[in-house]
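**Q** My structure is below; once you've seen it, I'll send some questions.
The values are calculated or read from the model by the stated rules, or taken from the named source; none is laboratory data. Please read these numbers as outputs of a predicted model, since none were measured by experiment. Here the Cβ is made from the backbone with ideal geometry for all residues, glycine too, and neighbour counts use every protein chain on show.
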Amino acid sequence: MHIQIDTREHAGQVERIEQQLDALGVKHFRSKLYVGDYQSLDNPRLIVDRKKDLQELAGNVCQQHERFRAELIRAQEADIQLVILCEHGGDIKSLEDVYFWQNPRRRTSPGAISGQRLFKIMNTMQEKYGVRFEFCDKRQTGRRIVEILAHDEGGNQTAIQHD
């Protein structure tokens, strides 16, 4: 498997993930992607967009809603399955767990988005744009990217080749 990493992905984060990919024996290179952050050359219709935590994701769906929505539409129109991989860790292991998330910003900013509201928005985006939300711990991001990208368009696991 060869993974293409978007050149706009944050440098410090990329280094950490590249080290994880190296440890797994997965080849990778940097080049601009149409949408998202990570793509396998074996299946360019499946792309992972990494988010560092639920705070970043909340910012994307609220303050940067139009830009984020435009990216989801671009992916949908190009027949790309976009998987948003959120590195929140802890108790957030599935979309359902987002419902119970206690946004720390609500302590100082009562108008900040709640876990319940974020859950509803993410569910709507999943249904409307076909995006999929997955979650992991930062120590497992490289492995999760490989696992996600190792599935073919029908959702079946494909063999991971370490060329």
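**Q** Over 21 Å from ASP137 (Cα atoms) and either at pLDDT 95 or above or not basic (Lys, Arg) (or both): which single residue out of SER31, SER94 fits that description?
**A** Working: SER94 fails: over 21 Å from ASP137 (Cα atoms).
Matching residue, one of SER31, SER94: SER31.
**Q** Among the residues of region 16-67, how many are part of a helix (DSSP H, G or I) and out of contact with any Cys (no Cβ under 9 Å at 6 or more places or on another chain)?
**A** 16
Yes/no matrix, rows are residues, columns are (1) of a type in the set (D, E, K, R); (2) surrounded by fewer than 16 Cβ atoms within 10 Å (Cβ to Cβ); (3) assigned to a helix (DSSP H, G or I):
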site: ARG69; (1), (2), (3): yes, yes, yes
site: LEU72; (1), (2), (3): no, no, yes
site: GLN76; (1), (2), (3): no, no, yes
site: VAL83; (1), (2), (3): no, no, no
site: HIS88; (1), (2), (3): no, no, no
site: ASP91; (1), (2), (3): yes, yes, no
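**Q** Could you say whether any residue in region 52-65 is more than 22 Å from GLU127 (Cα to Cα) and β-branched (Val, Ile, Thr)?
**A** Scanning region 52-65 turns up no residue that is more than 22 Å from GLU127 (Cα to Cα) and β-branched (Val, Ile, Thr).
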